[in-house]
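Accompanying notes for the structure given below.
No value in this document is a laboratory result; all are computed from the given coordinates. Here the structure is a predicted model, which means the values were calculated and not measured. Here the Cβ positions follow ideal geometry from the backbone for every residue, glycine too, while neighbour counts run over all protein chains shown.
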Amino acid sequence: MHDSETQNQQAGGGETGRKPGTPGSFSRWMQHRMNARMNRKIRNGKGSFMGMDVLILHTTGRRSGELRETPVAWFADGSDDADARLVVASGGGSQHPDWFANLMAGADRASIELPGEGTVAVTPHRLEGADREPAWRLVAAAQPRIAKYQSKSERQYPVVRLTPRTP
């Protein structure tokens, strides 16, 4: 074992061979625990965290096929559709978060849960170019720290509009 692998394991990485820019096993464990706690709060009607409104995003794992529930911050869209919500695939890594990949791969199975409410099926629309810019400005104005994180990242954070799906 190389010294860097030993240091990685001692620092809590535990996993050698994981992709750069992705969390280690301890970070993933902690994230799962915190997500479960936040989901309980949302279901009990308390849907804010660090000054941001939060919803539960329901997706299906693109490889596992398992149902996933991820708390994500949401922002009012500012469009004509009052029920539309914006979410940003931020996170500190160099890769998009798993929930984003799962959402886009299983767009027809996506749904959201708002604080104290039931589940609503949604259709995700990744905003690009001229559609993304005004939405990004709304997000950055509402939460300047997200814009700060974006300025330090090598990847452009995807902005996704979630609209209620009609049967």
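Structure values in brief
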item: Within the chain: Cβ-based charge dipole about Cα centre, in debye rounded to nearest 20 (Lys, Arg +1; Asp, Glu -1); result: 400 debye
item: Qualifying GluC sites (Glu not before Pro) for the range 73-152 [loop in DSSP, other Cβ within 10 Å: at most 14]; result: E117, E128
item: E66, E154 arranged by Cβ crowding within 10 Å, fewest neighbours leading; result: E154, E66
item: Fewest-first sequence of F75, F26 by Cβ atoms within 10 Å of each Cβ; result: F26, F75
item: Among R33, R43, R85, residue whose mean-square fluctuation peaks in a GNM of the chain (springs only between Cα atoms under 10 Å); result: R33
item: Size-normalised alpha-carbon gyration radius of the chain, reference 2.2 N^0.38 Å; result: 1.10
item: Cβ-based exposure ranking for D131, D108, in which fewest neighbours within 10 Å come first; result: D108, D131
item: Length-normalised contact order of the chain in % [C-alpha pairs under 8 Å, at least 6 apart]; result: 22 percent
item: E133-F26 FRET efficiency (beta carbon distance; Förster radius 30 Å; 0.05 resolution); result: 0.20
item: 21 Å Cα-Cα reach of K152 towards lysines, excluding residues that sit fewer than 8 places from it in its own chain; result: K19
item: Fully extended contour minus Cα-Cα distance, from Q150 to N39, at 0.36 nm per residue; result: 37.4 nm
item: Estimated [θ] at 222 nm from DSSP helical runs (n ≥ 4, -39500 (n - 2.57)) normalised by residues in the chain, nearest 500; result: -10500 deg cm²/dmol
